[in-house]
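First comes the structure, then the notes that go with it.
The values are calculated or read from the model by the stated rules, or taken from the named source; none is laboratory data. These numbers were taken from a predicted model, which means no experiment stands behind them. FYI the Cβ positions are ideal-geometry reconstructions off the backbone, even for glycines, and counts take in every protein chain you see.
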Amino acid sequence: MAHNGYRIVFLGPPGAGKGTQASLLSQKYGIKKISTGDILREAVRRGSELGKKAKKYMDAGELVPDDIIIGLIEEQIEGIDSFILDGFPRTIRQAEALDDLLAERGKPLTHVVFVSVPDEEIVRRLTARRICPNCGAVYNMVYSPPKRDELCDVCGTPLVQRSDDREDVIRNRLRVYAENTATLIDYYRGKGIFYEVNGLGRVEDVLSRIEEVLKVQRT
Ligand code: ADP
Ligand code: AMP
């Protein structure tokens, strides 16, 4: 595969567009996207043990405990050479665990892409976000609405609002991000793999900026 060996982390506040950009890159270049949020939401939907443990944290906009998340990521990246991580790591402990895991294999991260978006824009984006509960596609009722009223363009399923996309929970998620996750910027800066990208503007323009820092050959 042409793009083997990309081990990318997407960092940024909730609503920055990490999932949107990770999906586009994943489709375009065939690199596996691993979104801890998507995996947890699917587990909650199925009512699995993982879902039962995670639900109360997610509903409150708090972080799911590190041990659960680190175990999940270990499973997901087992035997995989290239990946895009969306929503992980979110704490220093998670970042250290990831570094240790990759160091054992001699295959460290290649890029950490920090997508920066100011808080006011985040609240605007998240209150208008809708997702497909069936295939996970993400829409925005203001910026990128579905073609047919609140139905998924891909599979026709009625779209839903995430239970944590309520304004009070969004505020808490922003607080949790500022307290636990923003410090990862310093953790990765100085490792020579950190890139900041402006997340404002059209989705395709943000994608071009990301491709530029990844230096992925355009097709
Ligand atoms: P994250 O994964 O960082 O939480 P998402 O990718 O889910 O963020 O994007 C949050 C919301 O903002 C979604 O409704 C998405 O459609 C929308 N969005 C993503 N990128 C942009 C953009 N460049 N401009 C406007 N809205 C965007
Ligand atoms: P996201 O889809 O990335 O916005 O994540 C939704 C929710 O899932 C978060 O608010 C957390 O409760 C939980 N979550 C996702 N990823 C992680 C992680 N790396 N560490 C802890 N909790 C997480």
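Take the conditions within 16 Å of ligand 1 (Cβ to nearest atom), out of contact with any Pro (no Cβ under 7 Å at 6 or more places or on another chain), at pLDDT below 95 and among the acidic types (Asp, Glu) and apply them to residue 86. Does it pass?
Considered against the rule, which asks whether it is within 16 Å of ligand 1 (Cβ to nearest atom), out of contact with any Pro (no Cβ under 7 Å at 6 or more places or on another chain), at pLDDT below 95 and among the acidic types (Asp, Glu), residue 86 comes out as no.
Out of 45, 41, I need the residue that is on the phi < 0 side of the Ramachandran plot, of a type in the set (Lys, Arg), crowded, with 19+ Cβ neighbours inside 10 Å and assigned to a helix (DSSP H, G or I). Which one? Write out each step before concluding.
Details: 45 fails: crowded, with 19+ Cβ neighbours inside 10 Å.
When all the criteria are applied, what remains is 41.
Kindly establish whether residue 213 is more than 16 Å from ligand 2 (Cβ to nearest atom), out of contact with any helix residue (DSSP H, G or I) (no Cβ under 9 Å at 6 or more places or on another chain) and farther than 22 Å from residue 44 by Cα.
It is true that residue 213 is more than 16 Å from ligand 2 (Cβ to nearest atom), out of contact with any helix residue (DSSP H, G or I) (no Cβ under 9 Å at 6 or more places or on another chain) and farther than 22 Å from residue 44 by Cα.
Of all the residues that make up the stretch 78-90, how many are on the phi < 0 side of the Ramachandran plot and either buried (at least 22 other Cβ atoms within 10 Å of the Cβ) or touching a Ser or Thr at 6+ places or on another chain (Cβ under 7 Å) (or both)?
Counting residues in the stretch 78-90 that are on the phi < 0 side of the Ramachandran plot and either buried (at least 22 other Cβ atoms within 10 Å of the Cβ) or touching a Ser or Thr at 6+ places or on another chain (Cβ under 7 Å) (or both) gives 6.
Residues of the stretch 87-119 being within 14 Å of ligand 2 (Cβ to nearest atom), in a loop (DSSP other than H, G, I, E, B) and either under 18 Å from residue 22 (Cβ atoms) or among the hydrophobic types (A, V, I, L, M, F, W, C) (or both), which ones?
87, 88, 89, 90, 117
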